[in-house]
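What follows is a short report on a single structure.
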Amino acid sequence: MIIEIQKHRRKDFLSGNRAKSNNGATVKFALTTFKDNEFVFENPEHDFPKKIVCKKVSATEMFAQVLGEGGKGYSFKMVKL
């Protein structure tokens with residue numbers, strides 16, 4: 001999976017691409033909220049996920065939530081090596 005944060009036409013997006021999903025097409029999630037080191041990206045038209053929440057925990061750690069309908073999904077921690 002490839003994940004990128006990009007700026008397009010003055011808006012920020014998180015883009016994801018997975019070979020086994022969406023026929024390999026990139027899916028974009030628009031940045032809807034940024035507050036207190038928390039970024040919320042959303043794409044209500046996408047089947048799953050609809051929302052991705054990333055929170056900076058420390059200089060080397062981030063916590064991510066990948067959410068679908070009704071807030072169901074999964075979460076994980078990322079650590080800078």
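The values are calculated or read from the model by the stated rules, or taken from the named source; none is laboratory data. Quick caveat: nothing in here was measured; it's all calculated off a predicted structure. With ideal geometry, Cβ positions are generated from the backbone for all residues, glycine too; neighbour counts draw on all protein chains shown.
Collect the residues in segment 33-46 that are surrounded by 10 or more Cβ atoms within 10 Å (Cβ to Cβ) and either touching an Asp or Glu at 6+ places or on another chain (Cβ under 9 Å) or charged (D, E, K, R) (or both), keeping them in residue-number order. Spell out how you get there, then give the answer.
So in segment 33-46, the residues surrounded by 10 or more Cβ atoms within 10 Å (Cβ to Cβ) come out as 33-34, 37-43, 46.
Of everything in segment 33-46, those that are surrounded by 10 or more Cβ atoms within 10 Å (Cβ to Cβ) and either touching an Asp or Glu at 6+ places or on another chain (Cβ under 9 Å) or charged (D, E, K, R) (or both) turn out to be Thr33, Phe34, Glu38, Phe39, Phe41, Glu42.
Return the residue satisfying two criteria in turn: it lies in segment 1-16 and is in a strand (DSSP E or B) and at pLDDT below 75, and of such residues it is nearest to Val66 (Cα to Cα). Don't jump to the end; show me each part of the working.
Here is the first cut: in segment 1-16, the residues in a strand (DSSP E or B) are 2-8, 11-16.
Now narrow it down to the ones that are at pLDDT below 75: 2-3.
Working: Ile2: 15, Ile3: 13 Å.
Among them, the one singled out is Ile3.
In this structure, is Val53 more than 20 Å from Arg10 (Cα to Cα) and either at pLDDT 95 or above or not basic (Lys, Arg) (or both)? Even if it seems obvious, please write down each step before you answer.
Numbers: more than 20 Å from Arg10 (Cα to Cα): yes; either at pLDDT 95 or above or not basic (Lys, Arg) (or both): yes.
So Val53 fits the description; yes.
Those residues that are more than 19 Å from Leu31 (Cβ to Cβ) and in contact with a strand residue (DSSP E or B) (Cβ under 7 Å, 6 or more places away or on another chain), I need them from segment 58-72; list them, please.
Across segment 58-72, the qualifying residues are Thr60, Glu61.
Val40 passes all but one of (1) modelled with pLDDT of 95 or more; (2) assigned to a loop (DSSP other than H, G, I, E, B); (3) hydrophobic (A, V, I, L, M, F, W, C); which number fails?
(2) is the only condition that Val40 fails.
Is it true that some residue in segment 44-51 is touching a strand residue (DSSP E or B) at 6+ places or on another chain (Cβ under 9 Å) and not in a loop (DSSP other than H, G, I, E, B)?
Going through segment 44-51, the residues touching a strand residue (DSSP E or B) at 6+ places or on another chain (Cβ under 9 Å) turn out to be 44, 46, 48-51.
Adding the requirement that they be not in a loop (DSSP other than H, G, I, E, B) leaves 51.
For segment 44-51, residues touching a strand residue (DSSP E or B) at 6+ places or on another chain (Cβ under 9 Å) and not in a loop (DSSP other than H, G, I, E, B): present.
Could you tell me which of the residues Val53, Val79, Val57 is touching a Phe, Trp or Tyr at 6+ places or on another chain (Cβ under 6 Å) and β-branched (Val, Ile, Thr)?
On the way: Val53 fails: touching a Phe, Trp or Tyr at 6+ places or on another chain (Cβ under 6 Å); Val79 fails: touching a Phe, Trp or Tyr at 6+ places or on another chain (Cβ under 6 Å).
Result of the check over Val53, Val79, Val57: Val57.
For segment 47-69, give me each residue that is more than 9 Å from the chain's Cα centre (by Cα), surrounded by 14 or more Cβ atoms within 10 Å (Cβ to Cβ) and touching a residue at least 24 places away in the same chain (Cβ under 8 Å).
none
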